[in-house]
Amino acid sequence: MKKAKILFAKNLHLVTIIAFLVLLALPFVVKSNYILRMMTLCMLYVMMALSINLLTGYLGVMTIGHIAFMGIGAYATAILVKNFHWQTLPCYLAAILLTGVFGLLLALAASKLQGYYMTILTLGFCEIVRLVEINWVDLTRGALGISGISSPVFFGMKLGSRRSIYFLMLVLLILTIFLIYSLINSRIGNAVIAIREDELAARAMGINVFKYKVIVFVLSAMIMGLAGAFYAQYMSYIDPAVFTVSASLNVLIMTIFGGLGNILGTIIGASVLTVLPELIRFLAEYRNLIYGILVIVLMLVKPDGLLGKTNFKYIRQQASVKQESEGQ
C-alpha cells in the first residue's frame, strides 16, 4: 500500500493530465444522455464538496448549513434570468458577489465563536435562508419554486445540449480546483492550515487569524454560490426543498468520506457517493440501507476518509530524498 502511494505521488501530474483528457473525450465517446447527466451532476457535487472542504477540511470549521449559499446563488440567478432576462455571465458574477457578501457577514458574526457554536451558527443561517425562500413569496414564489429558468447563454449563444452543459460544468470545476490548489499551496494556505492545527499557536506566531478566516469563509461561500447559479439553469427549476440542512449534510458526508483537507480525496469521495446510489438503483428497497452501511464500514476502517491525512507532496519529497541517499 505504501509503495502504491509513493508510485501514485510520483506520477500525480501524469494521472491528472490523463484524467483531464478522459473527461474531455467522454462526451464524444459516450452517446447516452443519462451518463452525461450523471457525470455533470457528479462534477457539480465535487465542486460543492470542495467548497465545504476548503472551510471544514483546511480551516477546521465544521459547517452543516453551507448549502444555504448554494440556495442564494441559485435564487439570485433564477430571478435575474426570469425577471430581468440577464445572460449567464453577469448572473454568475452577481451570484458570486452576493454569496461573498453573505459569507463575509457570516464570518463577521462567527469571528468570536469556535467549535460547536460555529456549527450551530451555520445551521441557523441555513434555516433562516430557507425560511426566507419559503415566505418571501413575491420574490421567490415560496414553496412553488421558480420554474422555466432558461439554459445558460454566453454572448448571445445558448448552451442547450447536454454536451455543452457538461463542458461548462467541467470548466467551472477546473477553475475551482485550480483556485483551491493555488490558495492552499500559497502563504495564505500555510496560515490557514496553521490555524486549523492550533489557533492559539497561530496567533502567537503573528498570524492574523480573523483575516484568514474571513478569506476562507468568503471564498467558500462564493464557490458554493457559483455552484448554485449553475444548478438553477441546469435544472431549470428550483424550490426551497432542495437547499435544506439534510442536503448540506449529504455533501459534508461526501467530503469526510473522501478525506478532509485533501483535494483528490474530496473528488473521489463526492464522485463515489454520487454514482453509487445509481449503480444500486435496481435494489430500490435496500438502496439507502446499503449506501449507509458502506459509508459506516469505511468510516470504521478508515476514520480519516479515503485519503485523509495523505500528503502526496510530502510523500513525493520523502521518496526523492530516500532515492538520493540510496544513490550516494
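The values are calculated or read from the model by the stated rules, or taken from the named source; none is laboratory data. Model, not experiment: these values are computed from the prediction. With ideal geometry, Cβ positions are generated from the backbone for all residues, glycine too; neighbour counts draw on all protein chains shown. Heavy atoms of the whole protein, side chains included, go into the accessibility calculation; ligands, DNA and RNA do not. Shrake-Rupley method; radii C 1.70, N 1.55, O 1.52, S 1.80 Å.
Does F155 fit the bill of being aromatic (F, W, Y), open to solvent by 60 Å² or more (accessible area, probe 1.4 Å) and more than 20 Å from T77 (Cβ to Cβ)?
no
Inside the range 251-306, can you point out the residues that are among the small types (G, A, S) and either in contact with a Pro (Cβ under 7 Å, 6 or more places away or on another chain) or not in a helix (DSSP H, G or I) (or both)?
G259, G261, G305
Per-residue answers, yes or no, for (1) out of contact with any Lys or Arg (no Cβ under 8 Å at 6 or more places or on another chain); (2) touching a residue at least 60 places away in the same chain (Cβ under 8 Å); (3) under 18 Å from T63 (Cβ atoms); (4) β-branched (V, I, T):
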residue: L260; (1), (2), (3), (4): yes, yes, yes, no
residue: T266; (1), (2), (3), (4): yes, yes, yes, yes
residue: G269; (1), (2), (3), (4): yes, yes, yes, no
residue: V272; (1), (2), (3), (4): yes, no, no, yes
residue: P277; (1), (2), (3), (4): no, no, no, no
residue: F282; (1), (2), (3), (4): yes, no, no, no
residue: G292; (1), (2), (3), (4): yes, no, no, no
residue: I296; (1), (2), (3), (4): yes, no, no, yes
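Only one residue in A232, A201 is part of a helix (DSSP H, G or I) and farther than 22 Å from L260 by Cβ, so which one is that?
That would be A232, the only listed residue that is part of a helix (DSSP H, G or I) and farther than 22 Å from L260 by Cβ.
Among the residues of the range 112-160, count how many are closer than 30 Å to F84 by Cα and of a type in the set (S, T, Y).
Of the residues in that region, 4 qualify.
State whether the residues of the range 225-246 include one that is open to solvent by less than 10 Å² (accessible area, probe 1.4 Å), among the aliphatic types (A, V, I, L, M) and within 13 Å of the chain's Cα centre (by Cα).
yes
So H85 ticks every box in (1) of a type outside the set (G, A, S); (2) at pLDDT below 95; (3) at negative phi but one. Which box is left unticked?
Going through (1) of a type outside the set (G, A, S); (2) at pLDDT below 95; (3) at negative phi one by one, H85 breaks only (3).
Of all residues in the range 18-57, count the ones that are surrounded by fewer than 15 Cβ atoms within 10 Å (Cβ to Cβ), under 14 Å from L264 (Cβ atoms) and among the β-branched types (V, I, T).
1
Report yes if some residue within the range 35-58 is part of a loop (DSSP other than H, G, I, E, B) and not hydroxyl-bearing (S, T, Y); otherwise report no.
So far as the range 35-58 goes, no, none of its residues is part of a loop (DSSP other than H, G, I, E, B) and not hydroxyl-bearing (S, T, Y).
Return yes or no: is F210 of a type in the set (F, W, Y) and touching a Gly at 6+ places or on another chain (Cβ under 9 Å)?
no
Out of the residues in the range 22-45 meeting the condition of being in contact (Cβ under 8 Å) with a residue 12 or more places away in the chain and of a type in the set (S, T, Y), tell me which one is farthest from S161 (Cα to Cα).
Y45
Scan the range 204-214 residue by residue and report those that are in a helix (DSSP H, G or I) and open to solvent by 50 Å² or more (accessible area, probe 1.4 Å).
Result: A204, F210, K211.
Given (1) on the phi > 0 side of the Ramachandran plot; (2) in contact with a His (Cβ under 7 Å, 6 or more places away or on another chain), identify the lone condition not met by G259.
Of everything listed in (1) on the phi > 0 side of the Ramachandran plot; (2) in contact with a His (Cβ under 7 Å, 6 or more places away or on another chain), G259 misses just condition (2).
Out of everything in the range 100-142 that is crowded, with 19+ Cβ neighbours inside 10 Å and of a type in the set (V, I, T), what residue ends up being farthest from I64 (Cα to Cα)?
It comes out as T140.
Within the range 280-301, which residues are open to solvent by 80 Å² or more (accessible area, probe 1.4 Å) and modelled with pLDDT of 75 or more?
The initial filter retains those residues of the range 280-301 that are open to solvent by 80 Å² or more (accessible area, probe 1.4 Å), namely 281-282, 285-286, 288-289, 293-294, 296, 300-301.
Listed by number, the residues that qualify are R281, L289, I293, L294, I296, L300, V301.
Given the conditions (1) closer than 25 Å to L159 by Cα; (2) touching a Cys at 6+ places or on another chain (Cβ under 6 Å); (3) not small (G, A, S), which single one is not true for Y231?
(2)
Each row is one residue, and each column tells you yes or no for (1) under 17 Å from V242 (Cβ atoms); (2) in a helix (DSSP H, G or I).
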site	(1), (2)
Y92	no, yes
L97	no, yes
K112	no, no
L121	no, yes
G124	no, yes
E127	yes, yes
L131	yes, yes
D138	no, yes
